[in-house]
Structure formats: structure tokens, C-alpha cells
Amino acid sequence: MKPRPLPSRPASAALAPGSRPRPGGIVAATACAVALAAVPAFGQVPVTLNGPPVQVRPYVPEPGLPEITIPQGTPNPFPSDPTRSSGDGSGDGGSSGGGGIVASSDALSTMLGQPWGAAAVANAQALGVNPSALAATCVVESGCQNLGGRVAQGAFQMTPSTYTAMINAAVAQNPSLASQIVPGLAGQMDPATESIAAAEYLLQGTQYLQNQGIANPTVLDIRSYYNFGPSAGANIANAPGGASMSAYLSPTVMQQNGITANETVDQWRASVSAKIGTAAGQSVVI
Amino acid sequence: MRVSHVLVVGLFCGLFSTTCHAQGVRVVRPVPGYMCMLLSPEDEQATVQSQLPPVLAGPSPSAERIGYPSGIVFVTSPLHQVAGYVEMLRLNGQTGWIEANHLRPWHPMNNTSSKCVPSLMSNGRLGADVH
């Protein structure tokens with residue numbers, strides 16, 4: 001049997017000139033509009049702005065407008081995802097392919113709260129380092145404050161020799177960074193400049209740990225390298241959680257870093273994770 | 001060869017990384033045929049990896065450089081020394097050679113009677129079980 005076509009109504013008939021809509025149609029349309037307005041669309045996710053929007057820093061004055069003062073610090077532009085990995089101190093001593101997370105973190109927000117924070121983020125990215133890893137470093141080292149010291153100095157608490165080696169290596173790797181560097185050892189006390197050296201150190205540490213078989217080192221993994229150097233760094237990153245830190249560090253180093261005699265690797269990891277929060281489980285490199 | 005065990009566990013962790021990541025590292029079993037040594041005190045002070053003695057693919061200064069050692073070095077037991085180089089096992093299971101004059105006998109840093117046993121870890125890598 002040949003199917004009968006459904007009766008169609010020409011489009012012009014819907015709003016034919018001079019025609020009047022039926023009252024029942026008006027009531028129905030109004031009811032639909034009210035219903036749609038009262039109930040949010042399914043799948044629509046309300047977005048609440050947390051803090052002020054990212055500020056644009058004007059560098060060209062516009063005639064006729066008053067001068068605008070931008071407060072120091074920049075809101076965190078990276079999306080926060082609470083379902084991502086959080087540092088709970090139960091580090092596995094190197095995540096064999098378990099990392100790969102690059103996201104926002106409490107540490108990143110802390111660093112971005114500094115006048116130099118946005119520059120540090122850009123420097124980290126220029127070297128292929130996760131900004132949260134860099135932020136976690138300054139949080140642990142100095143609370144992201146530009147501190148002096150007898151040996152280690154600055155927001156990232158680098159020694160002069162390490163700073164010099166890393167800043168040179170960073171510029172060799174990415175020559176575009178040279179224009180942003182405060183020359184000489186004075187750069188060590190310029191947090192934006194020191195962030196370049198610190199990011200390079202994290203990068204080299206990552207390469208070292210990868211060479212030891214830790215395929216995708218996390219921020220927690222790299223912490224022992226940054227804190228204790230390459231010699232103990234790999235051993236601690238790969239140590240069983242119940243082992244004593246004193247098995248890998250000399251009493252002098254333990255004392256200098258405030259590590260108690262009976263502190264286990266897991267306890268040390270937990271103390272680091274408590275400081276850097278969600279950054280702990282993230283990858284060092286991007 | 002012991003390395004095959006490392007690779008098998010490593011492959012497992014690679015495939016099921018979530019499982020391996022969620023659990024802390026634990027010692028699976030000792031790796032026979034190796035013992036712990038330490039880098040020299042000067043090497044332990046290294047702040048960048050390039051200050052460490054290289055691990056070479058063979059017992060010769062012209063051999064390919066395959067990496068750098070960690071502070072605790074796993075060497076063959078009994079010691080296998082050729083032309084001033086000692087055969088060692090890296091944490092990733094790869095064998096290499098390191099200059100003998102950069103090594104010293106292992107001793108517990110905390111002056112206890114602890115022992116260091118090269119061991120296979122639950123993450124598939126090698127590690128030092130100091131107990």
C-alpha cells in the first residue's frame with residue numbers, strides 16, 4: 001500500500017498576513033514560556049565566578065580615561081577540578097605512568113597571589129614545566145616569599161652555584177627567556193628570574209628520575225630531588241613508604257631539613273603533601 | 001635474568017597504573033647477586049646530575065653514557081671489576097658500569113646495625129630495602 005503523505009501546513013500559513021492567532025494558542029505559548037523560564041534547562045551548569053575575573057593590565061593609556069590601578073596578584077586562570085588527584089602522602093615512589101595530571105592547585109593559587117606569580121607561570125610553561133610543580137616548590141621552600149639566607153636564597157631557595165648552572169641551562173634551552181632575566185647573582189633575589197632556574201632544575205630532576213625508570217615523576221617524586229639533590233633523590237623517590245628517612249640521608253641533612261630521627265618516608269611524603277595539597281599527585285612536566 | 005621480572009611488573013604497572021599508583025611501594029623480594037654500595041662523599045654532595053659520575057654501557061671511558069647513579073648503587077656480588085669499572089644494576093633494571101673510585105662500601109647512615117638489600121619493589125623497579 002502506498003503510504004499516504006501527512007498533511008503539511010505551508011510555512012506561510014503559520015503567520016499569514018492579516019490572520020489572527022487563536023486565543024488558545026496564546027495561552028499555550030505563554031504557559032510554555034513561563035515553564036521554560038521557571039525550570040533551568042536540563043544539562044545547564046551554573047557557573048559561579050570565584051573571585052574577580054582575570055585582570056587585564058593596560059600598557060597603553062587610553063586618552064580620556066582615568067589611570068587604572070591593578071591590584072597585585074592575579075586570580076588563578078587554571079580550572080580547578082576537585083576530582084583530580086590529591087596529595088595524600090601515600091606516594092608510590094614514582095608513578096609509572098600514573099601521573100599526567102596538569103591542573104590547578106592550592107600551591108598555584110598561592111604563587112599567583114604574588115606580584116611575580118604570573119611571570120613565573122609563563123616561565124614554567126616556556127620550559128615545559130607544570131606551573132603547579134613550580135608553585136609547589138616555592139610554597140615548600142619559602143611560602144613563596146623572597147627570603148634571604150646564608151646559602152640558599154630567594155623564593156625558590158636555590159644555592160648560588162645551582163642557580164647559576166640552572167639559569168644558564170634554561171637560557172640555552174630557551175633563548176627567549178634571556179630578555180626576562182636579571183643578570184648575575186642579583187637574579188637569584190628576583191623571584192621571576194629565579195623561577196626560571198627553579199623550573200629548569202625541576203626539568204633536569206624529572207629527566208634524572210625518568211632515567212632511573214620513573215616514567216612520569218609527580219611533584220611529590222621530584223620533591224626529594226629538589227630538597228636533597230640527585231644522589232638521595234632517586235633513592236627516596238623509589239623507597240618503600242615504611243623505610244626510615246635516615247636510611248637515605250645523613251644525620252646532618254636530616255637535621256638541616258627538620259626531619260626527625262624516626263621519620264619514615266611515608267611520613268615525610270605526608271608532610272610535604274600537607275603543604276602543597278593537590279599539586280602532589282600532578283606531573284612535573286607538561 | 002632478574003631484569004625480566006622487573007620488566008614484567010613494570011608492564012603490569014604500566015597497564016594498570018591506577019592500581020600501582022594507589023598503593024604505596026613495598027618490597028616484593030630481594031634481588032640475588034647484587035649488593036649495596038655508596039657513592040663517594042664528594043659525589044653525594046652533588047646538586048645537579050652532571051656532577052655525578054656517569055654510568056656507562058661498558059667498562060671503558062669511551063663507552064656510551066646511559067645515565068647517572070643514585071646514592072645507593074647496586075653492584076654485582078661478588079664484585080665484578082674490569083679496567084677500573086664495576087658492573088652495576090640501575091634502578092630501572094639496566095646493567096651498567098661505574099668507575100670503582102667513586103664507590104665505597106655501604107654503611108648505615110644512622111649508625112645502626114641496618115642492612116641494605118637490593119630488592120624488587122611493587123612498582124616494578126629496584127630499590128634499597130634498608131632494615
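Just a few scattered comments:
- Test: A:Ser283 is open to solvent by less than 10 Å² (accessible area, probe 1.4 Å), within 20 Å of the chain's Cα centre (by Cα) and without any contact (Cβ under 8 Å) to a residue 24 or more places away in the chain: no
- Of the residues A:Gly241, A:Gly258, A:Gly233, the single one that is in contact (Cβ under 8 Å) with a residue 60 or more places away in the chain and not in a strand (DSSP E or B) is A:Gly241.
- Extreme residue, farthest from the other protein chains (Cβ to nearest Cβ), among residues of the range B:16-36 that are open to solvent by less than 60 Å² (accessible area, probe 1.4 Å) and at pLDDT below 90: B:Cys20
- Matching residues in the range A:207-219 - criterion: being more than 7 Å from chain B (Cβ to nearest Cβ) and either surrounded by fewer than 24 Cβ atoms within 10 Å (Cβ to Cβ) or closer than 18 Å to B:Gly124 by Cβ (or both): A:Gln207, A:Leu209, A:Gln210, A:Ile214, A:Ala215, A:Asn216, A:Pro217, A:Thr218
- Test set (1) in contact with a Pro (Cβ under 8 Å, 6 or more places away or on another chain); (2) surrounded by fewer than 23 Cβ atoms within 10 Å (Cβ to Cβ) - B:His107 fails condition number: (1)
- Test for B:Val130: is it away from chain A (no Cβ under 13 Å) and either in contact (Cβ under 8 Å) with a residue 40 or more places away in the chain or β-branched (Val, Ile, Thr) (or both): no
- Taking (1) modelled with pLDDT under 95; (2) within 11 Å of chain A (Cβ to nearest Cβ) in turn, B:Arg65 satisfies each apart from (1).
- Among the residues listed as A:Asp190, A:Asp266, the single one being open to solvent by 10 Å² or more (accessible area, probe 1.4 Å) and at pLDDT 95 or above: A:Asp190
- In the set (1) open to solvent by less than 60 Å² (accessible area, probe 1.4 Å); (2) more than 19 Å from B:Asp129 (Cβ to Cβ); (3) within 11 Å of another protein chain (Cβ to nearest Cβ), the condition left unmet by B:Leu39 is number (2).
- Restricting the first member to the range B:76-93 and to residues that are on the phi > 0 side of the Ramachandran plot, and the second to residues that are open to solvent by 40 Å² or more (accessible area, probe 1.4 Å) and part of a loop (DSSP other than H, G, I, E, B), the beta-carbon pairs closer than 6 Å and six or more apart or on different chains are B:Ala83/B:Pro59.
- Within the range A:194-205, the only residue that satisfies the criterion of being surrounded by fewer than 24 Cβ atoms within 10 Å (Cβ to Cβ) and under 22 Å from A:Ser105 (Cα atoms) is A:Leu203.
- Selected residue [surrounded by 20 or more Cβ atoms within 10 Å (Cβ to Cβ) and farther than 29 Å from A:Ala165 by Cα] from B:Pro69, B:Pro78, B:Pro118: B:Pro118
- Apart from one condition, A:Ser246 fits all of (1) outside any helix (DSSP H, G or I); (2) at the interface with another protein chain (Cβ under 8 Å from one of its Cβ atoms); (3) surrounded by fewer than 24 Cβ atoms within 10 Å (Cβ to Cβ); the exception is (1).
The values are calculated or read from the model by the stated rules, or taken from the named source; none is laboratory data. Note that the structure is a prediction, hence the values are computed from the model and not measured. Counting neighbours? That spans all protein chains shown, and the Cβs are built from the backbone with ideal geometry, glycine included. What goes into the accessible areas is simple: the full protein's heavy atoms, side chains included, and nothing from ligands, DNA or RNA. Shrake-Rupley method; radii C 1.70, N 1.55, O 1.52, S 1.80 Å.
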